[in-house]
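These notes concern the structure reproduced below.
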């Protein structure tokens with residue numbers, strides 16, 4: 001048969017020409033320039049794309065490393081746990097899984113530390129934990145931090161990133177807006193400095209409360225900041241939104257924030273503001 005006469009070709013090994021061994025979990029894709037980046041390079045560049053300069057969101061621990069003097073951060077350890085007022089079956093399990101995944105107890109970490117030698121109380125939110133949503137624990141932690149700032153007569157710094165109130169905790173989550181804002185009124189009456197740093201994204205009840213109450217409001221470049229999302233607003237008013245709407249640059253132009261600060265300059269800028277405040281200039 002003709003088939004029998006055809007010489008069978010032995011399979012040849014595929015040549016690994018220019019093959020790159022990509023290890024899972026070692027690389028990340030920039031959402032702006034679409035470049036595939038080595039995670040360690042991004043981390044060493046303050047979580048900024050070395051190719052196009054786009055900002056990646058920062059884990060609480062990485063933010064602390066970039067802002068607080070090494071070895072000076074002391075976290076407030078509050079023995080409080082999440083509530084489940086709506087009795088959602090999977091809520092408590094979701095919290096447990098997020099703690100394992102993110103290595104965080106909640107969406108905010110609060111404590112004391114030093115910024116270039118100056119003592120501060122600092123709160124840092126993390127969008128990686130239920131989008132930084134504000135529930136009872138977040139509200140209680142921030143309120144306690146404010147009370148400690150008053151007691152110790154220290155400036156308060158809050159880095160915000162959040163989708164707003166935590167819907168899994170219903171109306172109780174909305175109550176945190178009033179509780180934190182009330183505590184900030186006492187901080188103001190004590191004559192203490194309060195600086196907020198708005199990072200991407202800051203939305204909902206967080207924007208409508210403590211994020212907007214700083215004596216000085218800073219923001220990172222291109223951070224998205226607002227109450228409702230753009231799509232919701234557009235559908236409600238039936239109009240196209242201005243170019244750049246809800247970006248930090250748009251809000252600076254319209255007087256909502258005081259200054260946009262590059263991530264690499266944040267520590268030095270905050271230190272200068274604290275120094276000026278101590279000197280009675282601001």
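Coordinate-derived values only; no laboratory data. Since the model is a prediction, treat every value here as computed from it, not as a measurement. Note: ideal-geometry Cβ built from the backbone for every residue, glycine included; neighbour counts use all protein chains shown.
Working out 0.36 nm times the residue gap between residue 44 and residue 241, then minus their Cα-Cα distance, what length gain in nm do you get to one decimal?
67.3 nm
If packing is taken as the average number of other Cβ atoms within 10 Å across a peptide's residues, how do 196-202, 54-60 rank, most packed first?
For the peptides 196-202, 54-60, the packing ranking is 196-202, 54-60.
Over the chain, calculate the relative contact order: mean separation of alpha carbon pairs under 8 Å at least 6 apart, over the residue count, as a percent.
13 percent
Using packing as a proxy for protection, rank 28-35, 214-221, 134-141 so that the peptide with the highest average count of other Cβ atoms within 10 Å comes first.
Put in order of decreasing packing, that is 134-141, 214-221, 28-35.
Using only helices, what value at 222 nm comes out for the chain when you add -39,500 (n - 2.57) per DSSP H run of length 4 or more and divide by the total residues, to the nearest 500 deg cm²/dmol?
-10000 deg cm²/dmol
At 0.36 nm per residue, minus the direct Cα-Cα distance, what do residue 86 and residue 26 gain on full extension? Give it in nm, one decimal, please.
Extending this stretch completely gives an extra 17.7 nm.
If the elastic network links every pair of Cα atoms under 10 Å, which of 133, 212, 162 fluctuates the most in the Gaussian network model of the chain?
Highest fluctuation of the listed residues: 212.
In degrees between 0 and 90, to the nearest 10, how far off the longest principal axis of the chain does helix 170-189 point, with axes built from Cα atoms?
50 degrees
Between the stretch 242-274 and the stretch 120-148, what is the C-alpha centre distance in whole Å?
21 Å
May I ask for the angle, rounded to the nearest 10°, between helix 91-102 and the longest principal axis of the chain, with both axes built from Cα atoms and the value confined to 0 to 90°?
Tilt relative to the chain: about 70 degrees.
In degrees between 0 and 90, to the nearest 10, how far off the longest principal axis of the chain does helix 266-278 point, with axes built from Cα atoms?
0 degrees
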